[in-house]
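Below is the structure I would like to discuss, written out as structure tokens.
The values are calculated or read from the model by the stated rules, or taken from the named source; none is laboratory data. The model shown is predicted, which means the values in this text are computed figures rather than measured ones. Positions of Cβ are generated from backbone atoms using ideal geometry, with glycine treated the same way; all protein chains shown enter the neighbour counts. With ligands, DNA and RNA removed, areas are computed over all heavy atoms of the protein, side chains included. Shrake-Rupley method; radii C 1.70, N 1.55, O 1.52, S 1.80 Å.
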Amino acid sequence: TMDFSGEQKALFYLGRVLNRVVYEQTGKKGHKKNALDKLNFNGMDKSSILRLSEDLFKSARNHGIDDNIKWDWGRFGELFDFNRWKMNPQEALFHILTGYTFGIKAGEKQSETETSFDN
């Protein structure tokens with residue numbers, strides 16, 4: 001429903017995989033470092049995206065969540081075309097982070113704060 005292009009959708013799905021891996025690493029395992037450390041916040045070129053995707057897949061397999069990421073990983077694989085990639089690195093980072101944050105819900109404390117501002 002966001003009217004993304006194929007390249008943008010690929011990165012959105014990679015962001016979803018990133019979300020699940022980071023959740024597993026920090027939420028359940030309590031790692032001090034997580035997959036977010038592998039993002040270049042100045043932008044992600046196609047080789048950086050490929051390295052990130054490989055690292056995420058390895059991490060998912062190591063944590064036993066490869067079944068949980070299967071659908072998003074498959075969609076990324078279908079849509080990511082390394083040979084025809086032309087997206088700006090900053091735009092690429094934006095779409096990865098869009099997928100990463102998609103579906104994150106506010107906690108109760110934040111919800112209470114937001115409610116007080118609505119009045």
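Going by the conditions given, is Ser59 farther than 28 Å from Asp3 by Cβ, among the small types (Gly, Ala, Ser), at pLDDT 85 or above and assigned to a helix (DSSP H, G or I)?
Numbers: farther than 28 Å from Asp3 by Cβ: yes; among the small types (Gly, Ala, Ser): yes; at pLDDT 85 or above: yes; assigned to a helix (DSSP H, G or I): yes.
Spelling it out, Ser59 is indeed farther than 28 Å from Asp3 by Cβ, among the small types (Gly, Ala, Ser), at pLDDT 85 or above and assigned to a helix (DSSP H, G or I).
A further question on this structure: Looking at segment 60-98, which of its residues are within 23 Å of Gly27 (Cα to Cα) and among the aromatic types (Phe, Trp, Tyr)?
Listed by number, the residues that qualify are Trp71, Trp73.
Filter segment 73-103 down to residues that are open to solvent by 100 Å² or more (accessible area, probe 1.4 Å) and within 10 Å of Phe12 (Cα to Cα) and give me whichever is modelled with the highest pLDDT.
First, pick out the residues of segment 73-103 that are open to solvent by 100 Å² or more (accessible area, probe 1.4 Å): 78, 83-84, 86, 90, 94, 102.
Adding the requirement that they be within 10 Å of Phe12 (Cα to Cα) leaves 94, 102.
Values: Phe94: 94, Phe102: 85.
Going through the qualifying residues, I end up with Phe94.
Moving to a separate point now. Which ones in segment 2-52 are open to solvent by less than 70 Å² (accessible area, probe 1.4 Å), under 19 Å from Ile65 (Cα atoms) and part of a loop (DSSP other than H, G, I, E, B)?
Once the filter is applied, which keeps residues that are open to solvent by less than 70 Å² (accessible area, probe 1.4 Å), under 19 Å from Ile65 (Cα atoms) and part of a loop (DSSP other than H, G, I, E, B), segment 2-52 yields Gly30, Asn34.
Residue check: is Lys70 among the basic types (Lys, Arg) and at pLDDT below 85? I'd like the intermediate steps shown before the answer.
Working: among the basic types (Lys, Arg): yes; at pLDDT below 85: no.
When the stated conditions are applied, Lys70 does not pass them.
Still on this structure, I have one more. Please state which of the following conditions Ile65 fails to meet, knowing it meets all the rest: (1) in contact with a Lys or Arg (Cβ under 9 Å, 6 or more places away or on another chain); (2) surrounded by fewer than 14 Cβ atoms within 10 Å (Cβ to Cβ).
(2)
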